[in-house]
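**Student:** Have a look at this one before I ask anything.
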């Protein structure tokens, strides 16, 4: 584990060569989709106004307005090379998040990349208040955190921690940014 700046988007870029498919869940405006090598990209989010921004960053992306769990349930087993969920799992309740992890493992051919903040409380929760993310109005209800995830919990779900960096949230709470991956063996 390292104490330097973290950029989860680089992990997504490195995992997707031109021959790999990428499924980006809870993609927001698609920050991790810039500069990808692959042309086979599907971006899933509940906010249509975010998906409109995805097309600016990643014109080749197929955009799907859906919840992560609902979308995953429609996919065939081992049908996508790489799945990313960057700053997404904490926006769903714990029960749904666990189901999403199970479904991602079913759908991923090779790898899952997951990034989430671990907050200061025992359960890893980090507060997040409405703030018109990326200056886009109308989706604040999707930005609120509904669960926290600890490093130990992510490990229990089979993830390897790639990087954990301490920082301070926009609300002044200390947290740890956690980048992890799961690989099919």
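The values are calculated or read from the model by the stated rules, or taken from the named source; none is laboratory data. Model, not experiment: these values are computed from the prediction. We place every Cβ from the backbone using ideal geometry, glycine too, and count neighbours over all the protein chains shown.
**Student:** How many residues are part of a loop (DSSP other than H, G, I, E, B) and at pLDDT below 90 when one looks only at the range 1-28?
**Tutor:** Summing the residues that are part of a loop (DSSP other than H, G, I, E, B) and at pLDDT below 90 in the range 1-28 gives 7.
**Student:** Output yes when any residue across the range 47-61 is surrounded by 16 or more Cβ atoms within 10 Å (Cβ to Cβ), touching a residue at least 40 places away in the same chain (Cβ under 8 Å) and part of a loop (DSSP other than H, G, I, E, B), and no when none is.
**Tutor:** yes
**Student:** To continue, here is another question. Give me the residue from the range 94-122 that is assigned to a helix (DSSP H, G or I) and touching a strand residue (DSSP E or B) at 6+ places or on another chain (Cβ under 6 Å) and, out of that set, surrounded by the fewest Cβ atoms within 10 Å (Cβ to Cβ).
**Tutor:** 107
**Student:** So if I check each of 97, 124, 138, which one is closer than 23 Å to residue 160 by Cβ, touching a helix residue (DSSP H, G or I) at 6+ places or on another chain (Cβ under 9 Å) and modelled with pLDDT under 95?
**Tutor:** Working: 97 fails: modelled with pLDDT under 95; 138 fails: closer than 23 Å to residue 160 by Cβ.
Just a single option satisfies the conditions, and that option is 124.
**Student:** Does the range 52-68 hold any residues that are more than 16 Å from residue 149 (Cβ to Cβ) and under 14 Å from the mean Cα position of the chain (by Cα), and which are they?
**Tutor:** 67
**Student:** For residue 88, which of the numbered conditions (1) modelled with pLDDT of 95 or more; (2) in contact with a helix residue (DSSP H, G or I) (Cβ under 8 Å, 6 or more places away or on another chain) fails to hold?
**Tutor:** Residue 88 satisfies every listed condition except (1).
**Student:** A further question on this structure: Can you name every residue in the range 141-159 that is outside any loop (DSSP other than H, G, I, E, B), under 15 Å from the mean Cα position of the chain (by Cα) and modelled with pLDDT of 90 or more?
**Tutor:** The answer is 154, and nothing else.
**Student:** May I pose another question? For the range 22-37, does any single residue satisfy the condition of being buried (at least 16 other Cβ atoms within 10 Å of the Cβ), under 15 Å from the mean Cα position of the chain (by Cα), free of Cβ contacts under 8 Å to residues at least 60 places away in the same chain and on the phi > 0 side of the Ramachandran plot?
**Tutor:** Yes - at least one qualifying residue is present in the range 22-37.
**Student:** Right, here's the next one. What are the pairs, 6+ residues apart or on separate chains, where a residue within the range 79-92 that is free of Cβ contacts under 8 Å to residues at least 12 places away in the same chain has its Cβ under 8 Å from a residue that is in a strand (DSSP E or B)?
**Tutor:** Sorted first by the residue in the range 79-92, then by its partner, the list stays empty.
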